[in-house]
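Report on one structure; see the data block that follows.
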Amino acid sequence: MNESFDIQSIRKQFPILDQEVYGKPLVYFDNAATTQKPLCVIERERAYYLNENCNIHRGVHYLSQKATEAYENARKTVADFIHAREAREVIFTRGTTESVNLLATSFEHFFIQEGDTVLVSAMEHHSNLVPWQQMVQRHHGNLLVIPMSDQGELDLNCYSELLDQRPKLVAVAHVSNVLGTINPVKEMVRMAHEKGIPVVIDGAQSVAHMPIDVQDLDCDFFVFSGHKMYAPMGVGVLYGKAEWLEKLPPYQFGGEMVDVVSFERTTFNVLPYKFEAGTPNVGAALGLEAAIRFLQRLDRSAVESHEATLLHAAVDRLCGIEGIRFIGEAKNRSGLVSFVVKGVHPYDLGTIIDKMGIAVRTGHHCAEPVMTRFGIPGTVRASFAMYNTLEEVDAFVAAVKRAALMLR
Ligand code: PMP
């Protein structure tokens with residue numbers, strides 16, 4: 001465990017963790033689904049509704065101007081956090097799913113033609129798969145899929161060959177929510193750009209756990225959700241290079257995204273407003289800014305190494321369980337472990353350890369093609385965050401051992 005990492009002071013900032021469920025201390029290992037929120041985030045949202053609440057961009061009065069300023073500052077904070085060149089390249093959405101749907105809708109109108117394809121990976125979450133699939137299928141096209149090895153690593157030779165089939169776009173997860181694999185996205189962007197193909201990176205599972213530099217990655221788009229990075233639900237981000245966002249048509253129409261409107265025609269607002277129709281979730285955006293400030297106050301490499309320690313301890317200790325099979329054993333992986341135990345249904349295992357106070361996710365994790373690839377109905381997934389401890393890993397492994405014995 002990293003000495004400079006003060007886990008107790010971090011846990012104090014997440015009061016929800018300090019509770020018992022079914023008379024047992026809560027062990028929260030469902031962080032890939034959503035993280036808990038620190039006090040500073042909860043307080044920021046509360047302060048907004050207590051003192052600043054107002055609709056933005058529209059009012060001449062004091063509160064409206066204050067709220068608008070705060071919202072636009074939050075946009076700048078996000079831009080700095082992911083190293084975007086300009087704040088107008090940051091579009092606030094409801095989350096990763098809406099960001100991908102926005103892109104798929106805009107791309108369809110912009111340049112999808114009969115028989116076109118989109119290249120995705122074999123480990124995508126449904127949110128970065130179904131919108132693209134539906135889009136190309138409306139034009140009698142289909143998805144191309146980058147295969148993966150039994151370890152859960154993408155086959156870059158196949159990727160290179162698939163790029164030769166000239167897909168219109170590549171959409172790939174930075175980190176898999178089932179396998180924990182960290183994909184070599186920088187290299188994948190470089191390879192796609194050599195053939196003039198734009199790349200969308202799904203950063204839902206990476207942004208809380210590693211520094212993101214969209215200029216260094218050189219990706220055309222990067223999408224993520226606030227709620228998986230200690231921020232409130234209901235806010236997320238679509239980053240896009242300005243030259244792309246300028247070209248793409250709006251996604252939704254209504255107030256705020258327009259310039260001049262008459263019954264005959266409408267002209268649209270400039271970036272980023274062109275993509276933000278209607279009233280946004282201002283309170284959540286300010287909560288997202290608070291979450292970013294919270295992360296920035298920490299030594300992020302210490303956080304990363306703490307999460308790596310938890311992962312390695314969990315894998316090491318689970319190894320001793322008879323009949324265990326890990327799903328996802330990539331060399332380069334982030335803080336989650338997925339597994340099945342021979343003769344035990346993941347759902348039953350999850351239900352029993354829940355009664356021991358352990359919260360994990362079971363099932364297909366919104367990535368059914370991954371389950372098909374590994375020939376399993378689902379997995380048990382334990383996913384870690386900065387506030388988890390080695391003692392919790394021990395409690396989790398002991399609970400899995402007991403449940404496996406009971407169920408076999
Ligand atoms: N992509 C990945 C890799 C995810 O893990 C998730 C959430 N599980 C999503 C996309 C969708 O995120 P949201 O539900 O916040 O839109």
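The values are calculated or read from the model by the stated rules, or taken from the named source; none is laboratory data. Every value quoted in this text rests on a predicted model; they were computed, and no experiment measured them. When we count neighbours, we look across all protein chains shown, and the Cβ atoms used for this are built from the backbone with ideal geometry, even at glycine.
Below, the figures for the structure above:
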quantity: Exclusive hit being out of contact with any strand residue (DSSP E or B) (no Cβ under 7 Å at 6 or more places or on another chain) and within 11 Å of the ligand (Cβ to nearest atom), set H193, H227, H174; calculated: H227
quantity: Enumeration of residues in the stretch 118-154 that are over 22 Å from the mean Cα position of the chain (by Cα) and under 22 Å from L238 (Cβ atoms); calculated: V136, R138
quantity: Test for Y62: is it surrounded by fewer than 20 Cβ atoms within 10 Å (Cβ to Cβ) and aromatic (F, W, Y); calculated: yes
quantity: Wholly within the stretch 276-378, helices (runs of 4 or more DSSP H) carrying at least 1 residues that are polar (S, T, N, Q) and more than 30 Å from L245 (Cα to Cα); calculated: 300-318, 346-354, 368-374
quantity: Within the stretch 196-216, tally of residues that are within 16 Å of the ligand (Cβ to nearest atom) and of a type outside the set (D, E); calculated: 12
quantity: Subset of the stretch 150-194 (residues that are farther than 28 Å from R381 by Cα, polar (S, T, N, Q) and in a loop (DSSP other than H, G, I, E, B)); calculated: Q165
quantity: Boolean, E276 is in contact (Cβ under 8 Å) with a residue 40 or more places away in the chain and closer than 30 Å to Y49 by Cα; calculated: yes
quantity: Candidate set: the stretch 108-130, residues that are under 28 Å from M371 (Cβ atoms) and part of a helix (DSSP H, G or I); chosen: the one farthest from the ligand (Cβ to nearest atom); calculated: V130
quantity: Filtered residues of the stretch 362-384 (kept if under 17 Å from V315 (Cβ atoms) and either within 15 Å of the ligand (Cβ to nearest atom) or at pLDDT below 95 (or both)); calculated: T379, R381, A382, S383, F384
quantity: Residue list for the stretch 65-96, restricted to those being within 19 Å of V214 (Cα to Cα) and among the hydroxyl-bearing types (S, T, Y); calculated: T77, T93, T96
quantity: Matching entry among S149, S160 (being out of contact with any Ser or Thr (no Cβ under 9 Å at 6 or more places or on another chain) and over 18 Å from N332 (Cα atoms)); calculated: S160
